[in-house]
1. Any idea how far apart His119 and His196 come out in nm if each label point goes 7 Å out from Cα toward Cβ?
2. With each pseudo-label sitting 7 Å past Cα toward Cβ, what's the Arg23-Ala38 distance in nm, one decimal?
3. Convert each backbone phi in segment 6-21 into a coupling constant with the Karplus relation 6.51 cos²θ - 1.76 cosθ + 1.60 (shift: θ = phi - 60°), then list the ³J(HN,Hα) values in order as whole Hz, x for Gly and Pro.
4. First select every other residue whose beta carbon is under 13 angstrom from the beta carbon of Ser88; then total the charges, Lys and Arg +1, Asp and Glu -1.
5. Given R₀ = 41 Å, FRET efficiency for Val225-Ala162 by Cβ-Cβ distance, to 0.05?
6. Find the Rg to Rh ratio for segment 31-190, where Rh is the Kirkwood radius over alpha-carbon pairs and Rg uses the same atoms.
7. For Asp188, which sequence-distant residues (separation of 5 or more, or a different chain) have an amide H within less than 5 Å of its own amide H, given hydrogens modelled in the peptide plane?
8. Report P(r) for the chain: all Cα-Cα distances, bin width 10 Å, range 0 to the bin holding the largest distance, values in whole percent.
Amino acid sequence: MPSGTDLSRLSTDDIEATLDAIRDRRVVGPLTASRLSAAGVAVDVVAVASACGGLPADSIAPVLAAVLAERRRGRPGVELVWTGPEPSGATTRDTARVLEHLFRDARTEVLLAGFSFDHGATLFAKLHHAMVTRNVACDFFVDIPGDQQHVRAADEERLVSAHVAGFLAAHWPWRARPRFFYDPRRFDPTVYASIHAKCVVVDSRYAFVTSANFTDRGQTRNVEVGLLVDDAQLAGQLGGHLRRCAQQDIFRQVPTGWLPPLPSEDPP
């Protein structure tokens with residue numbers, strides 16, 4: 001490594017984003033600030049370029065991977081996930097990047113509960129790809145917003161249908177769809193309840209619990225904190241709890257007949 005190189009001052013998020021860009025071949029050749037900027041890599045390009053000393057991307061990649069592995073060695077199974085301003089050398093992981101990796105790498109199933117959304121299609125593209133290429137099963141446990149005090153049981157189908165249709169139109173433009181579940185207590189005016197949990201379970205192995213919604217504020221501007229746990233027992237317990245709630249009608253599946261027609265084809 002060139003004299004003066006100090007990878008320890010880079011945040012874990014900067015290292016991870018740079019490594020992703022190298023592996024995806026979005027940046028090749030000497031790792032300079034201009035190349036990183038041109039590739040659209042969301043990092044402190046000056047700091048990354050300085051720390052990497054202008055080495056070729058393929059040469060620096062194993063070093064970056066080793067730094068990430070070393071940072072995680074002391075806390076096996078649990079990682080702190082953060083949205084917000086970070087000091088140099090921060091070892092936290094970025095919320096949006098964690099979600100991207102979880103969706104990209106899913107192999108069997110994804111369970112997602114309780115989030116709000118304002119730019120879901122960007123985040124869900126990799127999850128949709130996992131569904132159609134690896135047959136990953138996907139269940140969304142959604143909260144139905146609105147005035148609970150004056151709602152009636154007769155409004156259930158109309159309000160659930162409208163909410164899911166709005167979600168699909170804004171955040172899920174593809175033909176392959178997740179299953180949707182909701183809390184029917186939402187339609188009891190004497191019970192003030194919502195699905196307020198924010199968690200993702202992937203492959204009965206990873207459990208991600210966070211304060212951050214799937215919104216621009218929650219993913220980029222707010223201060224949000226979460227934990228990503230690589231533990232099959234905990235993930236199985238959380239995922240199994242959600243599934244048992246669905247099996248026992250505590251959470252109710254949205255019937256197919258309540259969903260809008262499938263689009264004629266996927267967007268290009």
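What follows draws every value from the coordinates through simple rules; no lab data is involved. It should be emphasised that the depicted structure is a prediction, and the values quoted were computed from it without experimental measurement. Here the Cβ is made from the backbone with ideal geometry for all residues, glycine too, and neighbour counts use every protein chain on show.
1. 2.7 nm
2. 2.4 nm
3. For segment 6-21, the Karplus-derived couplings read 9, 5, 5, 7, 7, 6, 4, 5, 5, 5, 5, 5, 5, 5, 4, 5 Hz, x marking Gly and Pro.
4. Charge balance near Ser88 sits at -4.
5. Values: r = 33 Å, r/R0 = 0.80.
Approximately 0.80, to the nearest 0.05.
6. 1.09
7. The answer is none.
8. Calculated over all Cα pairs of the chain, the distribution is 6, 26, 31, 21, 10, 4, 1, 0 percent.
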